[in-house]
Amino acid sequence: MSQSHKRHRGQPGPDREQFLGQLVQEYHATEDNEAKQQVLANLGNFAYDSINHGWLWNVNAIDVFLDAIEQEDPLLKEFGSGGLANICLDSRHHQYLVSNQKHIQSITVLINQQQNITADTVINSMTILMLLINESSKQGKLFFSDM
């Protein structure tokens, strides 16, 4: 393993997984929107790096992102959709999202929403849907029920 790859990996797995688990717990435990926004921003940043996808799967971070897009707060929606956009190409997360029509509907609603929404949320949502489309999802009529 190259030195740069070793540096990129950061802390050993269990420590990072434990930290991510603490972030997920903090999101669920707090009532403060600013604290939730900060947790989501952190989780979304971790989701950007595929090295973290396994740990994020283990701590159910995807459910935090899905919960966030259902909230009224525009920044929670933005950070939740950003996290989903970052993680949706990982095969486990991809399958989880496409296996439940409710997840697709929750993402689709964000595109057409007129209030309490940021432009980045709409862009993230369109990106998620675009990245989720593959031959399996087309055959399953997940996105193309009228065709």
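A short reminder: the numbers here are calculations on the coordinates, not readings from a lab. Nothing here was measured: the structure is a model prediction, and the numbers come from that model. Note that we place each Cβ from the backbone using ideal geometry, even for glycine, and neighbour counts take in every protein chain shown.
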Kindly state, to the nearest 0.05, the FRET efficiency for residue 30 paired with residue 126, given R0 = 25 Å and r defined as their beta-carbon distance. 0.25
Kindly provide the pair-distance distribution of region 3-139 built from C-alpha pairs, with 5 Å bins from 0 and whole-percent values in order of increasing distance. 2, 11, 21, 22, 20, 13, 7, 3, 1, 0
